[in-house]
Amino acid sequence: GQAVNGLRRGNSFLAHRYRRLARRIGKLRAIVAVSRSLLTIIWHLLTDPTQSYTDLGADYYDRHIDTTRRTQRHVRDLQALGYRVTLEPVA
């Protein structure tokens, strides 16, 4: 937990993962989840000396979002709330 508290303010994949999880499930559970991720990374590095850690980057989730699926999900959520949705692309 202390390692996660130290890295959560940074600009790395694990720091961004912590911030995403903390919004959804709370700070304490996010610390546990990211601690587990950190321990998994450490285990892989210690068991195979040929491996090295490459940070995925803070923008990993933004780069891997399918915009059509995200749009469909938001439209479906708005329709479930009782709105009629029409989408027009911005010029």
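The values are calculated or read from the model by the stated rules, or taken from the named source; none is laboratory data. As the structure is a computational prediction, the values presented were derived from the model and not from experiment. We place every Cβ from the backbone using ideal geometry, glycine too, and count neighbours over all the protein chains shown. Just so you know, the surface numbers come from the protein's heavy atoms only, side chains and all, with ligands and any DNA or RNA stripped out. Shrake-Rupley method; radii C 1.70, N 1.55, O 1.52, S 1.80 Å.
When the residues of the range 52-64 are filtered to those that are under 22 Å from ARG20 (Cα atoms) and assigned to a loop (DSSP other than H, G, I, E, B), which remaining residue is modelled with the lowest pLDDT? Break it down stepwise before answering.
Filtering the range 52-64 down to residues under 22 Å from ARG20 (Cα atoms) leaves 53-64.
This time we only want the ones that are assigned to a loop (DSSP other than H, G, I, E, B), so: 53-59, 64.
Values: TYR53: 89, THR54: 88, ASP55: 87, LEU56: 88, GLY57: 85, ALA58: 85, ASP59: 86, HIS64: 82.
Among those residues, the one meeting the criterion is HIS64.
Of all helices (runs of 4 or more DSSP H) completely enclosed by the range 1-51, which ones contain at least 1 residues that are of a type in the set (Phe, Trp, Tyr), under 18 Å from TYR61 (Cα atoms) and in contact (Cβ under 8 Å) with a residue 40 or more places away in the chain?
Working: elements: 2-7, 13-25, 27-47.
Helices (runs of 4 or more DSSP H) meeting the threshold: 13-25.
Scoring PRO49 on the criteria (1) out of contact with any helix residue (DSSP H, G or I) (no Cβ under 8 Å at 6 or more places or on another chain); (2) modelled with pLDDT of 90 or more; (3) open to solvent by 70 Å² or more (accessible area, probe 1.4 Å) leaves a single failure, condition (2). Just the residues that are within 18 Å of the chain's Cα centre (by Cα), part of a loop (DSSP other than H, G, I, E, B) and not β-branched (Val, Ile, Thr), please, taken from the range 65-91. The answer is ASP66, and nothing else.
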